[in-house]
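The values are calculated or read from the model by the stated rules, or taken from the named source; none is laboratory data. These figures come from a predicted structure and were not determined experimentally. No Cβ is skipped: glycine too gets one built from the backbone with ideal geometry, and neighbour counts run over all protein chains shown. Each accessible area value is taken on the protein alone, full model and side chains, heavy atoms only, with ligands, DNA and RNA left out. Shrake-Rupley method; radii C 1.70, N 1.55, O 1.52, S 1.80 Å.
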Amino acid sequence: MAKVTGRSRRRSSPAQPVTGMVMLLKAALLVVAASLIFGQHGIVQALDRPSPSIHMPGPTHVTKTTKRRRSSQLEKSTLFNIPPGGNQNQQTAVPKQGAYGKIKIHKEPLLLSLILHPDEFLYAILLIAKNKLQRNNTPQVVPPELQDDLTFCNEILGKVSRSFATVIRQLPESLRIDVVIFYLVLRGLDTIEDEPTATKNNKDKMQLLKSFAQKALSSTSKQDRFHVEGVGHGDERRLLEQFPRVQAIYRHCVLPHSQQIIADITQRMGAGMAETVGKDLTQGTTNELQYNQYCHYVAGLVGEGLSRLFAASQLEESYFASELYLSDEMGLFLQKTNIIRDYLEDYVEGRTFWPQTIWMKHANQSQDLGYFMQNHNSDNAKRCLHDMIANALEHVPACLTYLRGLQCPSIFRFCAIPQVMAMATLAKCYDNANVFTGVVKIRKGLSAKLILKANTLDGVYAIFYQQAKWMEQKALKSKSVVEKEALLDAIDIICAITEPAYRRQQRAKLWPMLFVSAVVACQFVPGLTLVLLAMALVNYYLGPFLTVP
């Protein structure tokens, strides 16, 4: 290789800034050209066009007084911060409640996932890195006598919650501890309801469920603090046995208005659960009305309680406290997704919730819900599954409307992530015979991808659109003679709502590729920059002729 002398270096150096200036000039011309081609408002319009407005009742402005109240509440809440990390990712060998762990879990092999979906591996790494960077390692400032109780609540949250621990921990500090206690209280109540041997007889169980809120949340002295021995399994049992720790945080760290909300929802949920005690659920609920009523008590009320907590924290508008219908729909969609996915687990446990008015139409005159387990590849099983999924998808438009009204980014993510997970789970369950032979789970890489993409309303809408379209394409390609009208109608409604956001997302992904391609092309094609600029001017004044779909 020839040696480069100092003279040759000095001769070539003046050309470098000229080349750089030419590159910058061409890039600027391309930006102007692209801005003129794709709209009157240029790139900002293409990348940051607002979502189509959906009417939400109540005020939408935030006054200075409201901001001051929020700020003061945030400062006050830092006294009761939750220790970071916890054990949400820690594997435990203790048995889970019910039939969980006894049923086969259908998961895609890791190696196959990496080959077919290499992007999800990157998303998983990004999510891990993001969680580590956002972890708060500052000392926790709480009264010394409550530190152990607070640590227990954070630890047990990660063990009894399979999906909500992470999203709860990213909530604002003024709201986080209230939601943690809300979840743990309801998890304790749910454990009692799910345990067949919680009491000696059904009458005692009904009484315990109805009085749970009063006993668990109203005790004041150490002598009468509520706890339950020998109910549940593993960490659920430990939660009930050490419930006084949850009670201590509830009494001393949860704000008074939040205490009232938690107590009210717990009381109503316990009363609703008591209505199912003693009923024969081995073959599901009687009809869709009973199905919806059960989902309302165990999930819809949770949505109502969370909306009231959001409004009480002043992080969301006050009308959320009375937004009962949309809050209920949010809970019903999540609960129905779980019921569809957990068909076999619930059947083995002897407490199923698929409505008889739906599944008996497809059971070939069988009176046993286990018919679909034995004939999981039949068209009848697929028809039944399609009807159940179509029933769940009916709640999606209301869920999207609810998300549209949220203002706090952390609360939005808290609400949106479970919803996109549920939609992806339904897409995975669609036309999937594995639902009747085990528990269908979405890939962990896909979960990471959904979590990272569910940061904006357009991102969430795009996910719903993609999952709905995936189900639609699979339905149209299927050669099975199965009625799909109800399912396709539900999908059409979802796509009509979410397609504009999906198109904006695609446009945003297309812009960098177009820009880089044009810059590279201009280096090899003389005069291309001027041609593009001329096309842009013609399009701007006489067009538009060129648009991004």
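Remarks
- Take each peptide in 163-174, 485-496, count the other Cβ atoms within 10 Å of every residue, and average; sorted highest first, the result is 163-174, 485-496.
- For segment 294-431, the alpha carbon positions stretch 53, 24, 21 Å along the principal axes, listed from largest to smallest.
- Per-residue SASA entry for Thr425, accessible area with 1.4 Å probe, Å² rounded to 10: 20 Å²
- Here the contact order of segment 222-288, divided by its residue count and restricted to Cα pairs under 8 Å and six or more residues apart, works out to 19 percent.
- Here's how it looks for His106: its modeled amide H is under 5 Å from those of Val439, Val440, Lys441, which are all 5 or more places away or on a different chain.
- Sequence of Thr266, Thr151 when ordered by accessible area, the most exposed leading, probe 1.4 angstrom: Thr151, Thr266
- Heavy-atom accessible surface of segment 357-405: percent carbon and sulfur, 1.4 Å: 40 percent
- Whole-Hz Karplus values for segment 251-262 come out as 6, 9, 10, 8, 5, x, 5, 6, 4, 4, 5, 4 Hz, taken residue by residue from phi with 6.51 cos²θ - 1.76 cosθ + 1.60 and θ = phi - 60°; glycine and proline positions read x.
- Whether segment 345-492 is rounded, prolate or oblate, judged on the alpha carbon gyration tensor where a/c under 1.5 counts as rounded: prolate
- Heavy-atom SASA rank of Leu208, Leu301 (probe 1.4 Å, accessible area, largest first): Leu208, Leu301
- Overall, the anisotropy analysis places segment 425-478 in the oblate class: the square-rooted eigenvalues a ≥ b ≥ c of its C-alpha gyration tensor yield a/c not less than 1.5, with a/b not exceeding b/c.
- For Phe182, the accessible surface of its heavy atoms amounts to roughly 0 Å² (probe 1.4 Å, protein chains only, rounded to the nearest 10).
- Taken one residue at a time, the phi angles of segment 194-203 give Karplus couplings (6.51, -1.76, 1.60, θ = phi - 60°) of 7, 8, x, 9, 5, 9, 6, 8, 5, 4 Hz. Gly and Pro are set to x.
- Charge dipole magnitude, Cβ of K and R +1, D and E -1 - segment 180-322, Cα centre, debye nearest 20: 540 debye
- HN-Hα J in Hz across segment 433-445 - Karplus 6.51, -1.76, 1.60, θ = phi - 60°, x for Gly and Pro: 5, 5, 4, 8, 10, x, 10, 8, 10, 7, 5, 5, x
- Three-way shape label, segment 141-209, alpha-carbon gyration tensor, a/c 1.5: prolate
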